[in-house]
1. Roughly what would the spin-label model give for S250 and E446, points 7 Å off Cα along C-beta, in nm?
2. Could you tally the net charge around K85, taking each other residue with its Cβ under 10 Å from the Cβ of K85, Lys/Arg +1 and Asp/Glu -1?
3. Take peptides 212-224, 274-286 and line them up by average Cβ neighbours within 10 Å, highest first, as a rough protection proxy.
4. Against the globular-protein guess of 2.2 N^0.38 Å, express the Cα radius of gyration of segment 364-475 as a ratio, rounded to two decimals.
5. Please list, ordered by chain and number, the residues whose modelled amide H lies under 5 Å from the amide H of A363; skip anything fewer than 5 residues away on the same chain.
6. Where a ≥ b ≥ c are the square roots of the eigenvalues of the C-alpha gyration tensor, would you call segment 195-354 rounded, which needs a/c under 1.5, or, failing that, prolate if a/b is larger than b/c, or oblate?
7. Where the centre of each part is set by its Cα atoms, how far does segment 257-278 sit from segment 329-407, in angstrom?
8. Indicate the gyration tensor shape class of segment 214-281 (rounded, prolate or oblate), computed on the Cα atoms with a ≥ b ≥ c the square roots of the eigenvalues: a/c under 1.5 is rounded; otherwise a/b larger than b/c is prolate and the rest oblate.
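What follows is calculated from the coordinates using simple rules that are stated; it is not laboratory data. Since this is a predicted model, take the numbers as computed values, not measurements. All Cβ positions, glycine included, derive from the backbone under ideal geometry; neighbour counts span all protein chains shown.
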Amino acid sequence: MTHHWSRFLLIALLAALGLTAMAQDFPETFTTSGGLSIGVPEGYETQELAPTGVGVLDPVNQEAIVVLLGEALETFGMPSGIDAKAIIDSLAIQAGFPDDEVPVSYALGDGFTISGEVPGVGPADITVLDTEFGVAVIFVASQDGDVSGEFKALAASLIESVTFDPSLAVPTEVVPEPTPVPTEVGDAVEDEDGCPIAVADMPEGVLQFCLGAEVTYPEGWEISFGEDGVDSVGSLSADTFAVSLTLSVSEISTFYNPSNYKTESMQFLADAFSYVNYDPETSWTTVLEEEGRKIEVYDPAAEEELTENDLVQRQYLITLNDDLILTASTSFIPAFATEERVAEIDTIVQSVALNDRYTGAPALISLDGQPTFINALECGSSSFNFNYTDETDVYVVRCPADCAADSGTVWGTDLYTSDSSVCVAAIHSGALTASEGGLLLVTMSEGLESYTGSTANGVESRDYGTWNESFSVAPFEQ
């Protein structure tokens, strides 16, 4: 089985062209902001994919040519700094045509072309040229199937028209010095908590996230996504993007947690990459487990038949303080990545930790030896806020501090109607104090024919008649 990094790039580029191109009149020559120019036939649409990357689309037949030169390759996660022969050999092997590369020569440079049925993409032509400005990769493909002979002939003329003149590059706009709060961070604006975090404000060699997690990276790595400001997602890369690591940080919830990530999100990715042996129960290995931190890894190379030219998508799952979930995805092609850089990924991931920005609390807690979600309530919340979907009668909830005695209504004594305010009922019962708040064990039970109110701990509860469900509260003891 093979996995095709060209496949994912082509799908992404064609999808971008097909979804975002808009019908309009274009000049005969289109020049990107980086100085890359290409001829454009009448009625065709163009899109700048990067300062040195461009696409030309036939909007009627959905056939496209995509040209990526030099640094534009890095934008799409492709290795740069190597010659056309090395790239075409890898692509040829992956596409199944190792003997069908054809030497070509264009004004831009010399190189090779391969054509054929690329698995997962369909019929396509891939041309790679060595130019004085770096390697250029050119894709000719159709979004709907076969590339027509007419478009192939046109594509050859379009390639011949490609020129690159760095002097035509649009000067980068100088970003003014930050102003007082709110502070401009790229296109985002810092909030009162200083998010997104400006990279300039981070310690050297540390990538920080707004929820209070950080990762340390060694020399030779750099922030490649989020360089203007980081909130919950950031990427590191090394060796001109031959190796990359993307981290995403979220709060654990009943909808987004390690268990669901393995069975839903990761299963979707495994299917997309044709990792046929992926099993949510057995494919993850715990590499570190200590108080407040757990790191698991899924390495497809341990289960799948991969080659030196395949794209490897190793996944990490990090849980911090049973409150934050970090997913880390690393992408590399063994043929282009040094073993040293790949080995550093484990070190980077294992450096993930909480920092002084962290102000959260565990979302999970052990109840009878089983991890149980804590339901965070407001002072006036009733059991309706957590008692709908779970198949249990016992819940752990967190009440905030400083709940007023009249912040919610309560019916009953010891056993309360299910629509009573849980935190106020807890104050009434003495399970917690109004000033401190804290964790409660809430047990649901059958309704009563009548509820008797009383006054206790500054809270006045009310009488009520028949109700269909009740709850009781008690301090949670770990």
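1. 4.0
2. -4
3. Ranked from most to least packed, the peptides come out as 212-224, 274-286.
4. Numbers: Rg = 13.0 Å, N = 112, 2.2 N^0.38 = 13.2 Å.
Here the answer is 0.98, to two decimals.
5. Counting only residues 5 or more places away or on other chains, the set is D323.
6. Here segment 195-354 falls in the oblate category.
7. Segment 257-278 and segment 329-407 have Cα centres separated by 20 Å.
8. Oblate.
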